[in-house]
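The values are calculated or read from the model by the stated rules, or taken from the named source; none is laboratory data. On a predicted model such as this, the values are computed, not experimentally measured, just so you know. Every residue, glycine among them, receives a Cβ derived from its backbone with ideal geometry; neighbour counts consider all protein chains shown.
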Amino acid sequence: MNTLTRRLYAARTQQGAGAVPTPVPAHGTVPAAATRPAAAVASAADGSDPLAAYRITREPYWRTVGDEVALYEAAYAVRMPMMLKGPTGCGKTRFVEYMAWKLGKPLITVACHEDMTASDLVGRFLLDASGTRWQDGPLALAARYGAICYLDEVVEARQDTTVVIHPLTDKRRMLPLEKKGEVIEAHPDFQLVISFNPGYQSLMKDLKQSTKQRFGALDFDYPEHEVEVEIVAHESGVDRETAGKLVHIAERARNLKGHGLDEGISTRMLIHAGSLIAQGVPALSACRMALVRPITDDADMRDALDAAVTTYF
Ligand SMILES: Nc1ncnc2c1ncn2[C@@H]1O[C@H](COP(=O)(O)OP(=O)(O)O)[C@@H](O)[C@H]1O
Ligand SMILES: [Mg+2]
């Protein structure tokens, strides 16, 4: 903690604001009904809403896989920071979008990358004609006005980025804007969600225990056969029989993970293939383009996957 932050904390404590109260859910317990709270819909129409652009107005399609919806609702009710773990393309992002819609909260998503700095999250001073002007970063915006902030693939970001989320993910629920000399006390609706692909884990790309232990975690994986067929058919527009074949191909490929494939064929890739087929692309070409070519350059592996495709199409 630098001097400024320490001074800011001290000032807050003197004002008696040091102990940040446990946030109270904005509308008590979250309604169990599948419809959004009326208040949330009404505020979306308000032009002055700084988070208007982040409100989800149409229900995202989510096929329930287990008890994830109820567990997330319980976590949100106590504003527990959440970590969604699982391979790429298995539904993590869609799930957060669905939950944000269901809870009637705006969602600010940040795709983390290796050049991302703490300032990209928190904000910075910009120069314009009238001088310097502070611009909140996505994390500051979410904390200030009360959104769910989703940091996608958080391990990709530089280590200093994970440090800025610490004061937001414990009882303090605050975000120091050191350059601006301000401490944002998180809005009661604010929640932090991160996603994390344990498959990519290496010593360099792992979260520190001091970060991990601030979150509740939900495991995500490719859904079981029938559920995945339903999702692929719904999302791509192919019939269930075709979707079933695509899922069979993926299941074969997933068995090759660790035996020459770094990652299996994801639900997202199956939807790509299905969307091509639904447009009239021959199934064989669609599968090669959407399922096989993207995941491997190894000639033998491509042959093995092509063979799996021709078994079904
Ligand atoms: N349970 C599910 N319900 C609805 N759609 C799903 C589900 N799981 C996966 N999908 C589909 O798979 C696609 C990829 O999922 P996404 O959320 O982008 O993956 P991730 O964020 O895990 O990489 C989504 O756009 C959605 O179409
Ligand atoms: Mg994602």
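Just for helices (runs of 4 or more DSSP H) wholly inside the stretch 199-291: which have at least 3 residues that are among the β-branched types (Val, Ile, Thr) and either closer than 30 Å to Tyr76 by Cβ or touching a Pro at 6+ places or on another chain (Cβ under 7 Å) (or both)?
The helices (runs of 4 or more DSSP H) meeting that bar are 225-236.
Being surrounded by 15 or more Cβ atoms within 10 Å (Cβ to Cβ) and touching a Leu at 6+ places or on another chain (Cβ under 6 Å) narrows it down to one of Ala147, Ala118, so name that one. Before you say what the answer is, go through the steps one by one.
Details: Ala118 fails: touching a Leu at 6+ places or on another chain (Cβ under 6 Å).
Only one candidate qualifies: Ala147.
Only one of the numbered conditions (1) of a type in the set (Ser, Thr, Tyr); (2) surrounded by 19 or more Cβ atoms within 10 Å (Cβ to Cβ); (3) over 22 Å from Gly280 (Cβ atoms); (4) away from ligand 2 (no atom under 16 Å from the Cβ) is violated by Ser210, and that is (2). Any chance the stretch 85-95 includes a residue that's modelled with pLDDT of 95 or more and more than 16 Å from ligand 1 (Cβ to nearest atom)? So far as the stretch 85-95 goes, no, none of its residues is modelled with pLDDT of 95 or more and more than 16 Å from ligand 1 (Cβ to nearest atom). Screening Thr161 on (1) among the polar types (S, T, N, Q); (2) out of contact with any Cys (no Cβ under 8 Å at 6 or more places or on another chain); (3) buried (at least 17 other Cβ atoms within 10 Å of the Cβ) shows it passes everything except condition (2). When every residue of the stretch 153-165 is checked against the conditions, none turns out to be at pLDDT 95 or above, out of contact with any Pro (no Cβ under 6 Å at 6 or more places or on another chain) and under 25 Å from Asp206 (Cβ atoms).
The residue of the stretch 57-113 that is nearest to the chain's Cα centre (by Cα), among those that are without any contact (Cβ under 8 Å) to a residue 40 or more places away in the chain and within 16 Å of ligand 2 (Cβ to nearest atom), is Arg94. Answer with yes or no whether Leu126 is without any contact (Cβ under 8 Å) to a residue 24 or more places away in the chain, among the hydrophobic types (A, V, I, L, M, F, W, C) and closer than 25 Å to Met174 by Cβ. Yes, satisfied. Contact annotation: residue pairs with Cβ atoms under 8 Å, 6 or more positions apart or on different chains, pairing a residue in the stretch 135-162 that is more than 20 Å from Met99 (Cα to Cα) with a partner that is of a type in the set (Phe, Trp, Tyr) and within 16 Å of ligand 2 (Cβ to nearest atom), are Val155/Phe196; Val155/Tyr200.
Residue-level analysis places Tyr76 outside the set of residues that are within 16 Å of ligand 1 (Cβ to nearest atom), closer than 30 Å to Arg58 by Cα, at pLDDT 95 or above and assigned to a helix (DSSP H, G or I).
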